[in-house]
1. Leaving out same-chain residues fewer than 8 places away, which lysines sit with a Cα under 30 Å from that of K135?
2. Rounded to the nearest 500, what is the chain's calculated 222 nm mean residue ellipticity when only DSSP H runs of at least 4 contribute -39500 (n - 2.57) each, over all residues?
3. Could you tell me the relative contact order of segment 42-122? Use alpha-carbon pairs under 8 Å, at least six residues apart, and round to a whole percent.
4. Per residue of segment 242-252, what does 6.51 cos²θ - 1.76 cosθ + 1.60 with θ = phi - 60° give for ³J(HN,Hα)? Whole Hz please, x for Gly and Pro, Karplus curve as stated.
5. Among D246, D65, D145, whose mean-square fluctuation peaks in a Gaussian network model of the chain (Cα, cutoff 10 Å)?
6. How do 6-13, 192-199 rank on mean C-beta neighbours within 10 Å, highest first?
7. Summing Lys, Arg as +1 and Asp, Glu as -1, what charge do residues with Cβ under 12 Å from the Cβ of E99 carry, E99 excluded?
8. Using Cβ counts within 10 Å as a stand-in for footprinting exposure, how do S90, S77, S180 rank, fewest first?
Amino acid sequence: KERYDYLLHRFVADKKGRFSEVGKLELKGIKRDPSGLLPCDLDGDGNLDLLVLDSRGPALVLRGDGKGKLVPAAESSAIRKSMLADLALSQVGLADVDEDGKPDLLVAGSGFVRAVSLKGNELEVIDQFNSRSGKGEVLAPFALDVLGDPAPEILFYSPENEGFEALSRDVDGVFRYARSFRTGSFDLRRLLLRKVGESPELITFGKSGFRRIPTRETVKMPVLNIHSRYATDLRDVSHDAVDCGDFDSDGQLDLLCLDASRHFLEFLKFDDEKKEWRSVLHFHVFEANLHYQGRKGGA
């Protein structure tokens, strides 16, 4: 950044792994930190292109010329100025939708994903995929064969439904909802698809961590099943924390459930014969403020 202008610097590595700068490009129209960079080959010429995302303005489409330089493309495109505006990395992906051998840009919106193709110096919307509900935020669109069909499915993450939705192409060539894959709710800022052996794997990045999501079951993959459940029948009690330990020294694991807002504790023991948890003790913690331990405060 120089005098409120943003510059894209290009570095290459030598045989010893040392990087040196070989060029720079002013990012015209970018007035704040870019929200992400998406390397791609939108024109299918084999040269690296780059999409520079702006969270408060239209993205920049930079086309590689094969000589190490990036040239702005689709500068006057209405699609770039509207559909590619105010985007983050979690809203874009790549897939060869029209099966012409080059990747198309997938842009997630509210309840839908649009496929955008770069043709010449213009952007063109070539398809749209709707979520099952037709509303709500969708993120991280990508293509992957999850149903064993000849053609890959289009998938995206639905925070509202806490999982991925898969859309399959029907006999008329239209992508329609096929099934859902529930994963639970998590923060998603970026999704990468990588191959582990013969099985693709999803890597999702959040604000403070990442997840590995296998797409195929393996022998070594751990499987989690529900062992048991317990719902308290105590009036106005809602547990918000749980701890475990052998509280009665009988060699068996017990549970301690806590309702912090009501200062209430409930102890549970597991009945091996009935295969269920039972409440064995509950009481209020009399100190309303555990920090003072009976004192009124002050000196």
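Read the figures in this text as sums done on the coordinates, not as results from a lab. Everything quoted here is computed from the prediction, not taken from an experiment. Using ideal geometry, Cβ is built from the backbone for each residue, glycine included, and neighbour counts are taken over all protein chains shown.
1. K81, K102, K119, K207
2. Calculated mean residue ellipticity at 222 nm is -500 deg cm²/dmol.
3. On the way: 142 pairs, mean separation 22.1, N = 81.
Once divided by the residue count of segment 42-122, the mean separation gives 27 percent.
4. 8, 9, 9, x, 8, 6, 10, 6, 9, x, 10
5. Checking each option, the largest mean-square fluctuation is seen for D246.
6. In descending order of packing, they fall as 6-13, 192-199.
7. On the way: positive: K102, R169; negative: D96, D98, D100, D104, D127.
Summing Lys/Arg as +1 and Asp/Glu as -1 gives -3.
8. S180, S77, S90
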